[in-house]
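Notes for the one structure printed next.
Any read-out appearing in this document is the output of simple, stated calculations on the displayed coordinates, not a laboratory observation. Fair warning: this is a prediction, and the values are worked out from it, not measured in the lab. Every residue, glycine as well, gets a Cβ built from its backbone with ideal geometry; the counts of neighbours run over all protein chains shown.
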């Protein structure tokens, strides 16, 4: 059995990531013919076309798209293995790609990233903020911040802290509409729905003693971002359910009130997730450790 052509796999990953044989040759310090021959060699060994080529551009084929995550993992594992064999104090350089939810990224992560870049001046950070869940391997991220109850998966995860959630409303709303005494009462109120969940229109609400109640709230306002709900909640337009890092200040000032203490929608936590390989470049470990120390 022939050994895998690891060099060709790494070159394929570079061409796909950069979108150009010329750019890949420049990054890898190889000639363009060497890059082209490696991709052709890999295509021949696999018996499939990885790129569609025209005189102006290249694009991944269907097979290329399906194989790219494997190529990325091979390239990452190779880089991490090389670094593990060296003195890593000299390798804290290069780019780290990090994904995070929008609101948390702006309010809590941004200051930590600023401190990290001061501490590690040769590491560059590509931070992408999006409330949608990204595929780390397919989209080429080194790690991600996720605020959720993580399902079983092949990803490696580090739990930083639990995240509390609160049913909240403004005193003006409660004076006008009355305060719900039980979760069932929410069916008669104007509710704000966070839409970036698998089933946003069904609320599974758990009591302090672990009993679960299901209900379909009456939606007055819906958004895929929790932060954008705050001004309208403070204005007294309805009832929402938000995590602590979004509403803690408004609760402290009295602009919003926790109306169902102890009731929650699921057990969520602040997590760092990474691709499944235990090998990571030293720069990625540096960021992960920094986030662990500063976000708990």
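Quick look at the values:
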read-out: Where Rh is the Kirkwood radius over Cα pairs, Rg/Rh for segment 210-296; value: 1.09
read-out: Sequence of 142, 126, 209 once ranked by neighbouring C-beta atoms within 10 Å, starting from the fewest; value: 209, 126, 142
read-out: Between helix 32-46 and the chain: long-axis angle, C-alpha atoms, 0 to 90°, nearest 10; value: 80 degrees
read-out: Residue-averaged 222 nm ellipticity for the chain, from DSSP H runs of 4+ at -39500 (n - 2.57), nearest 500; value: -11000 deg cm²/dmol
read-out: Convex hull volume of segment 165-263 per residue (C-alpha atoms, cubic angstrom); value: 90 Å³
read-out: C-alpha long axis of helix 282-295 to longest principal axis of the chain, angle in °; value: 10 degrees
read-out: Relative contact order (percent, whole number), the chain, Cα cutoff 8 Å, 6+ residue spacing; value: 23 percent
read-out: Largest to smallest principal axis extent of the C-alpha atoms in segment 6-84, angstrom; value: 40, 25, 19
read-out: Pairwise centroid distance, computed over Cα atoms, of segment 173-208 with segment 125-140, Å; value: 30 Å
read-out: Fewest-first sequence of 280, 26, 237 by Cβ atoms within 10 Å of each Cβ; value: 26, 237, 280
read-out: Within segment 90-121, backbone nitrogen closer than 20 Å to the virtual label 7 Å beyond the Cα of residue 249 toward Cβ; value: 101-115
read-out: DSSP-defined antiparallel bridges as percent of all bridges, segment 165-263, nearest 5; value: 65 percent
read-out: With Cα atoms, 0 to 90° folded angle of helix 62-84 axis to the chain main axis; value: 80 degrees
read-out: Residue with peak Gaussian network fluctuation, the chain [Cα springs, cutoff 10 Å], from 220, 176, 133; value: 176
read-out: For the chain, the Rg and Dmax computed from alpha carbons only, in angstrom; value: 24.0, 76
